1. Quick one: HIS245 ticks every box in (1) free of Cβ contacts under 8 Å to residues at least 40 places away in the same chain; (2) under 19 Å from GLU55 (Cα atoms); (3) more than 15 Å from the chain's Cα centre (by Cα); (4) open to solvent by less than 10 Å² (accessible area, probe 1.4 Å) bar one, so which box is it?
2. Of all residues in the stretch 7-27, how many are surrounded by fewer than 20 Cβ atoms within 10 Å (Cβ to Cβ) and either on the phi > 0 side of the Ramachandran plot or not β-branched (Val, Ile, Thr) (or both)?
3. Can you tell me which residue in the stretch 389-427 is farthest from VAL364 (Cα to Cα), limited to those that are in contact with a helix residue (DSSP H, G or I) (Cβ under 8 Å, 6 or more places away or on another chain) and in contact (Cβ under 8 Å) with a residue 24 or more places away in the chain?
4. Give the residues of the stretch 98-108 that are in contact with a helix residue (DSSP H, G or I) (Cβ under 7 Å, 6 or more places away or on another chain) and of a type in the set (D, E, K, R), sorted by residue number.
5. Can you tell which of VAL209, VAL198, VAL225 is in contact with a Gly (Cβ under 7 Å, 6 or more places away or on another chain) and part of a helix (DSSP H, G or I)?
6. Quick check on my filter: what residues within the stretch 158-188 are surrounded by 18 or more Cβ atoms within 10 Å (Cβ to Cβ) and part of a strand (DSSP E or B)?
7. What pairs come up if the first residue lies in the stretch 119-139 and is modelled with pLDDT of 95 or more and open to solvent by 20 Å² or more (accessible area, probe 1.4 Å), the second is among the aliphatic types (A, V, I, L, M) and not in a strand (DSSP E or B), and their beta carbons are under 6 Å apart, counting only those six or more places apart or on different chains?
8. Conditions: (1) open to solvent by 10 Å² or more (accessible area, probe 1.4 Å); (2) within 11 Å of the chain's Cα centre (by Cα). ILE191 meets all but one. Number of the miss?
Amino acid sequence: YVAAVYEHESILSPNPTALVDRQSALELMGRNLDIYEQQVVAAARQGAQIIVFPEDGIHGFNFTRSSVYPYLDFVLHSQSVKWNPCREPHLFNDTEVLQRLSCMALKNKIFLVANLGTKQPCERTDPHCPSDGRYQFNTNVAFSDDGMLVATYRKHNLYFEYAFDAPPEPDYTFFDTPFAGKFGMFTCFDILFFEPAVNLIRQHNLKQVVYPTAWMNQLPLLSAVEFQQAFATAFNINILAANIHHPTLGMTGSGIYTPVKSFIYHNMESYGGKLIVAEIPVITTDYKTSLENNERFRENLDHSCKTFTSAPMDDEVCFKVRRETPGRESEKGNEQLPPPFYAEMMYDNFTFVPVWGEKGELQVCANTLCCYLNYQRAVLTDELYALGVFDGLHTVHGTYYVQACALVKCGGLSFSTCGQEVTDATALIDFQLWGNMSTPYIFPLLLTSGITLDFADHMGWKNNQYFISKNRTSSGLLTAALYGRWYEKD
């Protein structure tokens with residue numbers, strides 16, 4: 001099918017905390033909707049059957065609870081009411097934004113997904129009802145190609161969004177299409193949590209996801225395109241991800257992702273929006289079994305192997321889990337293993353070992369997690385790389401448990417620069433990276449110079465270890481990592 005996503009540079013309110021009337025709010029949102037309309041027309045001309053717009057694209061951000069109120073549409077979060085806002089505009093008050101979106105879908109015969117702010121009055125008897133008597137939600141809506149409102153989703157994991165409420169229970173939202181079956185739907189920060197994103201995909205065995213986001217890139221492990229691709233790969237799904245475009249805020253990175261290929265846009269230099277249109281295969285195979293296999297992986301016996309192969313990785317590769325600790329002499333005799341050191345990466349205290357020389361085998365451990373690296377460089381460059389491990393609760397800008405094994409390029413040549421944000425690299429490295437992860441939810445990251453993506457040759461579980469391997473990246477290596485989320489320990 002042909003999909004489109006639009007990375008939108010939204011026209012923002014110059015003073016989002018100021019109180020304005022509904023008319024002024026509609027005027028600002030109308031300017032963003034005018035751009036949406038042009039993009040829907042352009043996407044439909046290119047044969048797109050569905051288009052996705054970003055989070056906060058219509059109204060912007062940095063509102064207070066009261067200043068966002070004039071920007072909110074009323075939407076009924078009920079699957080039982082069938083409503084076409086374009087054809088039945090007067091069914092509910094304060095639905096101007098929904099009407100415009102519905103008409104865009106109808107006129108251009110295209111499925112359309114957008115994000116807006118919505119409101120819903122609540123009764124004082126409702127124990128969750130806010131003191132001002134209304135809920136305010138960060139909401140995704142999906143319209144069918146005849147303008148019907150087919151799904152609504154209220155963001156569950158809010159990211160410092162004081163203007164909005166989280167719904168009392170998570171929404172598990174999906175809608176059906178004639179061209180690709182069911183699409184799941186969630187928003188931005190939701191992608192890092194079990195509820196509702198992972199649970200939705202698992203319970204309904206979904207193959208396609210639409211994903212509006214307003215994502216601030218955080219290198220080395222959480223740049224938008226890097227994590228979006230890793231999520232598509234981990235769950236073997238297609239993701240249509242639309243991000244907002246505000247480079248000064250570190251926000252860019254959208255794409256259409258399949259498990260093995262992507263069409264991405266990441267641009268921190270120029271301004272203005274970007275439409276991506278791509279034809280991708282409908283995924284039909286049942287991958288629920290592979291997830292269940294993942295969940296059973298811990299029951300496998302720990303076969304350690306007699307020899308460690310540094311031959312190119314094939315499916316029959318054997319891992320020897322070496323028991324020595326970093327810093328002790330290695331088995332080869334007197335050769336000292338490189339010294340471990342500590343550095344902060346994305347606000348977490350990683351334990352690193354430097355990656356020196358043109359080839360080698362390394363290990364580094366923290367808590368229960370040990371990470372192993374077997375590497376070879378074509379040419380020695382004057383760049384410092386390090387292998388890092390973190391097994392613990394991440395607590396800055398959200399609380400969640402991470403198990404990570406990461407090969408990263410450092411910001412400079414001193415150890416203290418490891419973990420810094422780096423966007424360019426020249427070293428081409430063949431590697432096998434693996435770890436004894438305690439969670440089945442592993443997101444394989446492979447990011448190359450200029451924030452471009454590469455794909456592993458092999459990855460998966462083997463003898464209680466999760467591995468990723470690559471013989472020669474397409475350009476300089478920035479990050480190769482296994483980013484594990486241990487949801488039960490959040």
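1. HIS245 satisfies all of (1) free of Cβ contacts under 8 Å to residues at least 40 places away in the same chain; (2) under 19 Å from GLU55 (Cα atoms); (3) more than 15 Å from the chain's Cα centre (by Cα); (4) open to solvent by less than 10 Å² (accessible area, probe 1.4 Å) except (1).
2. Summing the residues that are surrounded by fewer than 20 Cβ atoms within 10 Å (Cβ to Cβ) and either on the phi > 0 side of the Ramachandran plot or not β-branched (Val, Ile, Thr) (or both) in the stretch 7-27 gives 12.
3. Let us first name the residues in the stretch 389-427 that are in contact with a helix residue (DSSP H, G or I) (Cβ under 8 Å, 6 or more places away or on another chain), namely 393, 398, 400-401, 410-411.
With the extra rule that they be in contact (Cβ under 8 Å) with a residue 24 or more places away in the chain, the set shrinks to 393, 398, 400-401, 410.
Working: LEU393: 18, GLY398: 26, TYR400: 22, TYR401: 19, CYS410: 17 Å.
So the residue we want is GLY398.
4. In the first step, residues of the stretch 98-108 are kept if they are in contact with a helix residue (DSSP H, G or I) (Cβ under 7 Å, 6 or more places away or on another chain); the result is 100, 104, 108.
Matches in the stretch 98-108: ARG100 only.
5. It is VAL225.
6. THR173, PHE174, PHE175, THR177, PHE183, GLY184, MET185
7. Close Cβ pairs satisfying both conditions: LYS119/LEU72.
8. Looking at each condition in turn, ILE191 falls short on (1).
The values are calculated or read from the model by the stated rules, or taken from the named source; none is laboratory data. Being a predicted model, the structure only gives us computed values, none of them experimental. Neighbour counts run over all protein chains shown; Cβ positions are idealised from the backbone, glycine included. Side chains included, ligands, DNA and RNA excluded: accessible areas come from the protein's heavy atoms. Shrake-Rupley method; radii C 1.70, N 1.55, O 1.52, S 1.80 Å.
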